[in-house]
Amino acid sequence: MIAVASDHAGFELKQEIIRFLEEENFSFRDFGTDSTASCDYAVYAYKAAKAIQSGECVRGILVCGTGIGISIAANKMKGIRCAVCSDCFSAVLSREHNDSNMIAFGSRVVGPGLARLITQMWLDAGFQGQRHQRRIDQINDIENGQAPKEL
Ligand code: RB5
């Protein structure tokens, strides 16, 4: 299950991403927002990220105007690794090296076609583990208020 959420600025692109997920037969849950009426991105980042934390969803896709506010909010939550991406290479590497479990788009940065392609490539890519796992463990150390364990 894929969590999807946006603020008002990201609403139209979120709907485009939902159409893509439907076309490709991905199961998803839409955490809002439901219109272009002004709202606050942290509220929607929290709802979608909570679904990752609970295990209801394995990945999440967030959209705001730049992708920045909503990703910062999501990344405050334990276990969330949200990458703001506007190119395919970063999106794939965020999976392979950083085990990103959420991706954030800026609706004012990427067009619908590119967002679809990035989404496809991000969903297809897998975490490579090995030395990258050690680095994820170090991020977890920081999250737990500890200095990252060095080699
Ligand atoms: C809303 O105008 C805008 O600030 C928001 O969508 C986002 O870009 C913030 O990072």
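The values are calculated or read from the model by the stated rules, or taken from the named source; none is laboratory data. This is a predicted model, so every value here is computed, not measured. So basically every Cβ, Gly included, is an ideal-geometry build from the backbone, and we count neighbours across all protein chains shown.
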Checking Glu143 against (1) more than 25 Å from Arg19 (Cβ to Cβ); (2) more than 16 Å from the ligand (Cβ to nearest atom); (3) without any contact (Cβ under 8 Å) to a residue 40 or more places away in the chain, which test does it fail? (3)
Qualifying position, being modelled with pLDDT of 95 or more, surrounded by 15 or more Cβ atoms within 10 Å (Cβ to Cβ) and of a type in the set (Ser, Thr, Tyr), among Thr36, Thr119: Thr119
Among the residues that make up the range 5-23, is at least one of them basic (Lys, Arg), within 12 Å of the ligand (Cβ to nearest atom) and surrounded by 21 or more Cβ atoms within 10 Å (Cβ to Cβ)? yes
Right, Ser54: free of Cβ contacts under 8 Å to residues at least 60 places away in the same chain, over 15 Å from Ile2 (Cα atoms) and small (Gly, Ala, Ser) or not? no
Of the conditions (1) in a helix (DSSP H, G or I); (2) closer than 21 Å to Arg81 by Cα, Ala5 satisfies every one except a single condition; which number is it? (1)
Breaking point among (1) of a type in the set (S, T, N, Q); (2) within 16 Å of the ligand (Cβ to nearest atom); (3) surrounded by fewer than 23 Cβ atoms within 10 Å (Cβ to Cβ); (4) touching a residue at least 12 places away in the same chain (Cβ under 8 Å), for Gln128: (2)
Take the range 47-82 and flag every residue that is within 15 Å of the ligand (Cβ to nearest atom), of a type in the set (Gly, Ala, Ser) and in contact with a helix residue (DSSP H, G or I) (Cβ under 6 Å, 6 or more places away or on another chain). Gly69, Ala73, Ala74
I'd like the full set of residues that are within 21 Å of Phe28 (Cβ to Cβ) and among the charged types (D, E, K, R), limited to the range 81-137. Arg81, Arg95, Asp99, Arg116, Asp124
Of the listed residues (Ile52, Ile61, Ile18, Ile2), the one being farther than 22 Å from Leu114 by Cα and among the β-branched types (Val, Ile, Thr) is Ile52
Looking only at the range 102-151, count every residue that is under 18 Å from Gln53 (Cβ atoms) and among the aliphatic types (A, V, I, L, M) and tell me the total. 6
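Here is a yes/no grid of residues against (1) aromatic (Phe, Trp, Tyr); (2) modelled with pLDDT under 95; (3) more than 19 Å from Ala9 (Cα to Cα):
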site: Ala74; (1), (2), (3): no, no, no
site: Val84; (1), (2), (3): no, no, no
site: Phe105; (1), (2), (3): yes, no, no
site: Gly129; (1), (2), (3): no, no, yes
